[in-house]
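The structure under discussion appears below in the form of structure tokens.
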Ligand code: SF4
Ligand code: SF4
Ligand code: SF4
């Protein structure tokens, strides 16, 4: 790359709600992006005519259809770095709940006319292509995107937050919802969201995925002692990151002893 030449980026979505893409249009984020990146392609706001290579491609959404896989592979081939943008791309997000439900029934109900799209079981994008960086959360945090962009501008490595939501929640002085009898996944979920939900009196649904070294088994046992059923725990974990929580479980013990 020539001196002063801007990095070339593409901002794309596969099966998603466009909420992550809209985060890029938030004025301070868009201003920073425009400073250091040359936005070659952003189909949400401009026609996608660019066929060249990218330094970075940001991808929103879950892999739900065969066409998503084709698009992912094509983008991967054209990009030096791929960034999974948001909970759907990172951990599967809400669509990944389908992995734990009657899939046939859901497809007939939700896509009665579009079965020709060849729906597959929803998965995060790193199940299909190599991902270099992750910007988690539903939708991703604007401050984290800004931090990521600044790291790129300074050519330093961006590090994801790796402690549980509880760390941030306690720092912010929030009342603990788990102590108040509400099922909160904060102890086993990766923070970095500044405990956004508990700070607004809503329990954590695990949208940033399981945290490093989460002792899932001990956490689930504790919750069971508090009177929660396996079904309640399963449903809560399956809201955003069920597939990733399940992977964790496979490392440590059986999934939710019945
Ligand atoms: S992570 Fe959230 S905002 Fe982003 S595409 Fe998925 S549902 Fe939409
Ligand atoms: S409310 Fe949730 S995130 Fe906050 S301290 Fe309690 S369990 Fe942890
Ligand atoms: S508190 Fe939990 S569900 Fe809410 S944004 Fe943070 S990680 Fe996601």
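FYI, it's all coordinate maths here, none of it is from the lab. Model, not experiment: these values are computed from the prediction. Don't worry about glycine lacking a Cβ; one is built from the backbone with ideal geometry, like all the others, and counts go over all protein chains shown.
Normalised by the number of residues in the chain, the mean separation of alpha-carbon contacts (under 8 Å, six or more apart) gives a relative contact order of 17 percent. Against the chain, whose longest principal axis is taken from its Cα atoms, helix 27-36 shows a tilt of about 50°.
As a proxy for reagent exposure, 12, 111 were ordered by neighbouring Cβ count within 10 angstrom, fewest first; the result is 111, 12.
Which order do 11, 125 fall in if you start with the one that has the fewest other Cβ atoms within 10 Å? Working shown, then result.
On the way: 11 25, 125 28.
Final ranking by Cβ density, sparse to dense: 11, 125.
Principal-axis analysis of the Cα atoms of the chain puts helix 66-78 at an angle of about 50° to the longest axis. Between residue 105 and residue 81, the modelled label-to-label distance comes to 4.5 nm, taking each label 7 Å out from Cα in the direction of the beta carbon. If we count other beta carbons within 10 Å of each Cβ, what is the order of 123, 162, fewest first? Ascending Cβ contact count within 10 Å gives the list 162, 123. Full extension of the chain between residue 224 and residue 44 yields a length gain of 60.3 nm, computed as 0.36 nm times the residue separation minus the alpha carbon distance.
Between residue 30 and residue 176, full extension at 0.36 nm per residue minus the direct alpha carbon distance yields a gain of 49.0 nm.
Apply 1/(1 + (r/R0)^6) to the Cβ-Cβ distance of residue 217 and residue 74, taking R0 = 35 Å, and write down the FRET efficiency to the nearest 0.05. That pair, residue 217 with residue 74, gives E of 0.30. Computed from the C-alpha gyration tensor, the three semi-axes of the ellipsoid equivalent to the stretch 59-171 are 30, 19, 10 Å, from longest to shortest. Expressed as a whole percent, the proportion of Cα-Cα pairs in the stretch 165-252 lying more than 18 Å apart is 37%.
How big is the Rg/Rh ratio for the stretch 3-122, C-alpha atoms only, Rh by Kirkwood, two decimals?
1.03
Taking every alpha-carbon pair under 8 Å whose residues sit at least 6 apart, the stretch 48-121 reaches a relative contact order of 38 percent. Axis angle, to the nearest 10 degrees, between helix 216-225 and the longest C-alpha principal axis of the chain: 40 degrees. Classified by the C-alpha gyration tensor, the stretch 107-248 has an oblate form. Its axis ratio a/c, with a ≥ b ≥ c, is 1.5 or above, and a/b does not exceed b/c. Calculated mean residue ellipticity, 222 nm, the chain: -10000 deg cm²/dmol, from DSSP H runs (n ≥ 4) at -39500 (n - 2.57) each, averaged per residue and rounded to 500.
Using Cα pairs under 8 angstrom and six or more residues apart, how large is the relative contact order of the stretch 165-252, in percent?
Numbers: 104 pairs, mean separation 24.8, N = 88.
Taking the mean separation of contacting Cα pairs over the length of the stretch 165-252, I get 28 percent.
In the chain, the alpha-carbon atoms span a convex hull of 141 Å³ per residue.
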